[in-house]
Amino acid sequence: MSDGCDTHGSDATHGSDDTDDTFELRDGQVTLRTVTADHVPRLRDILATPEVRGRWGDEAASAQWPFDDPSSVRFAVMTRDHPDGDAEAEAEQIVGMIQYGEEDEPAYRHASIDIFLDPSAHGQHIGRDAVRALARHLMEDRGRHRLVSGLAADNTAALRC
Ligand SMILES: CC(C)(COP(=O)(O)OP(=O)(O)OC[C@H]1O[C@@H](n2cnc3c(N)ncnc32)[C@H](O)[C@@H]1OP(=O)(O)O)[C@@H](O)C(=O)NCCC(=O)NCCS
């Protein structure tokens, strides 16, 4: 895992648990879906962009990534596209990934969040919506009261999510 992303949860919607081990969370313009093999090529492409690689390093070095770390719960960040402005014909696109890890040692109990988005999606409050959805899930559904950060001090956009 790389840099953490500090979070302050607010008004995301609750998650829905599907029957096939997948999970979905929504807030604002984003839907978070449990990462599946179908998401991996796109996520690897996003990780390879200089902007994301500069923060996450060689995250996907393992051939098993993103299924190589059972301590991290990972979601693809999806947004809805309206081809030709047609709201009826919505198509989902993958714009990044967000993950959490949990520490259960009673004295240090907390959860941490990390996120990356495709550079073409930056600055549209997608990061804010994704962090809010996950923070609320952690606080309201998983009873977490403490979310921690491992952010670089110069990462203004992530600090403000
Ligand atoms: C960090 C990251 C997830 C932020 O996502 P984003 O969708 O671009 O951010 P948002 O549009 O939601 O902006 C969140 C806040 O940061 C501000 N912000 C966005 N980009 C900024 C920038 N380059 N400089 C300063 N502030 C910025 C926004 O104005 C917003 O503040 P506001 O709510 O007060 O208006 C995204 O930039 C990213 O993936 N970066 C590369 C990977 C990374 O750094 N991950 C974080 C480590 S875990």
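All of the numbers you see were taken from the coordinates with simple rules; none came from a lab. This is a predicted model, so every value here is computed, not measured. Cβ: placed from backbone, ideal geometry, glycine included. Neighbour counts: every protein chain shown.
Computed extension gain for Tyr108 through Ala61, at 0.36 nm per residue and net of the alpha carbon distance, reaches 13.9 nm. Extension gain, Arg44 to Ala152, is 36.7 nm, computed as 0.36 nm per intervening residue step minus the present C-alpha separation.
Ranked for footprinting exposure by Cβ neighbours inside 10 Å, fewest first, Glu102, Glu59 give Glu102, Glu59.
Given N residues in the range 16-159, what is Rg(Cα) / (2.2 N^0.38 Å)?
On the way: Rg = 15.3 Å, N = 144, 2.2 N^0.38 = 14.5 Å.
Expressed relative to 2.2 N^0.38 Å, the Cα Rg reads 1.06.
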